[in-house]
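Novice: Pasting a structure below so you can have a look.
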Amino acid sequence: MTGGEDIESLTQLFSALHTNDHQTGMEQMMQVLLETQRAQQETNAALLQQQIKANQLKEQELRQSARVKPKAGDFIPKLGGTDDVEAYLHAFEATAAREGWPKAQWVGLLAPFLSGEALNAFQDLEADIAQDYDILKDEILSRHGLTKFSMAQRYHNWSFQNGQTPRSQMHELIRVTKKWLEPDKKSPAAIVETLVMDRYLRALPYEAKKIISHQKLTTAMELVEAVEQYQAASDMLRPSRKEPVVPAQARPSGLRQKCTKPDPPQSSPPKRGGSQTGQPRGSPNSASRQCYRCGELGHISWQCEKPDEPMPTAESTSGPQVHFAAFLGESEDRRPTC
């Protein structure tokens, strides 16, 4: 073997050695990565098993706590006939929140301690509705007259009492106002609308207020529409004015109408000179009668035998002469036929 061949063979040998070392290193690196990944998977599996066991334990605890019914009798007394119902319910809610009782169980915990009208309210509600504590509370308060409308009336009727402490009266007024306006449930705009509707309704006339206040109105526009309907109904039911009676015009001769004799006037001195004529005709009181044609006493117009001569009046010089017969619908002064 020549020298050149030896060098070439050595070069190939070193190249083969270098290639083998590189492949060996890559294989070792891949093996390490696989082992690391396998260890991570085992760790994750162990953590998952631990979490599953913890969840199972917690679920068992919840089931056990649900089976154990809270003993409400250890914290709240039975509702008495003279107890303040609103204060009693407030104390129950505070106790239930402090002890961590589920709200779904509040009705069942409260029902055994109710009495009187509160118990009747619970019994009168339907079974599915009676399990809702908020509905039951509203019904109990309504049975005792503690509604939003009654709270509004108490707010307006409130006055300072000298026999009570100022602080307690302030808290009472705040409580009544909150029960009426419900700031924890209503928005500021809804509270303003409630105040406006209350002031508007109280300013209405008595009859309108009495009728409209019985309606369930929730918005200001509904209140306005109710007032408009009341006004329209009032205008429709108001009796129409009677037309003035126009005196009948004098009718021509030949058309007679029924008439009645005029009542005899009270005795008065004659308006014009003259003496009484003979025995009066007619009733015994004929002497007190006065003729409207001649002005003499003792007879009336249709009994007068003198010519047709009107009595002088303030308008006799400027207006037409009007005879008494014209008021009876006759063209001539004749004896009545009725």
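Novice: Classify the stretch 81-146 as rounded, prolate or oblate, taking a ≥ b ≥ c as the square roots of the eigenvalues of its Cα gyration tensor: rounded when a/c is under 1.5, otherwise prolate if a/b is larger than b/c and oblate if not.
Specialist: Because a/c hits 1.5 or more and a/b fails to exceed b/c, the stretch 81-146 counts as oblate.
Novice: Mind checking the full-extension length gain between Met236 and Asp74? Use 0.36 nm per residue of separation minus the Cα-Cα distance, one decimal, nm.
Specialist: Length gained between Met236 and Asp74: 51.8 nm.
Novice: If you don't mind, there's one more thing I want to ask. With the crude spin-label approximation of a point 7 Å out along Cα→Cβ, what separation in nm comes out for Thr82 versus Glu228?
Specialist: According to this spin-label approximation, the distance is 5.4 nm.
Novice: Determine the gain in length on full extension of the stretch Thr95-Thr24; use 0.36 nm per residue of separation and subtract their C-alpha separation, reporting nm with one decimal. Write out the running numbers ahead of the final one.
Specialist: Values: separation 71, 0.36 × 71 = 25.56 nm, distance 7.45 nm.
Extra length from Thr95 to Thr24 when fully extended: 18.1 nm.
Novice: Taking the Cβ of Leu195 as the center, what net charge do the other residues with Cβ under 15 Å away carry, scoring Lys and Arg +1 and Asp and Glu -1?
Specialist: Values: positive: Lys148, Lys178, Lys179, Lys186, Arg199, Arg202; negative: Glu182, Glu193, Asp198.
For residues surrounding Leu195, the net value is +3.
Novice: Using a Förster radius of 22 Å, what is the FRET efficiency between Arg143 and His214 based on their Cβ-Cβ separation? Nearest 0.05, please.
Specialist: Taking R0 as 22 Å, the efficiency between Arg143 and His214 is 0.70.
Novice: Right, another one. Treat each spin label as a single point 7 Å out from the Cα along the C-beta direction, and report the Gln50 to Arg63 distance in nm.
Specialist: Reported label-point gap for Gln50 and Arg63 is 2.5 nm.
Novice: Let me ask something else. Going by average Cβ density within 10 Å per residue, which order do the peptides 205-215, 143-153 take, highest to lowest?
Specialist: 143-153, 205-215
Read the figures in this text as sums done on the coordinates, not as results from a lab. Computed from a predicted model, the values in this text were never measured in an experiment. Every residue, glycine as well, gets a Cβ built from its backbone with ideal geometry; the counts of neighbours run over all protein chains shown.
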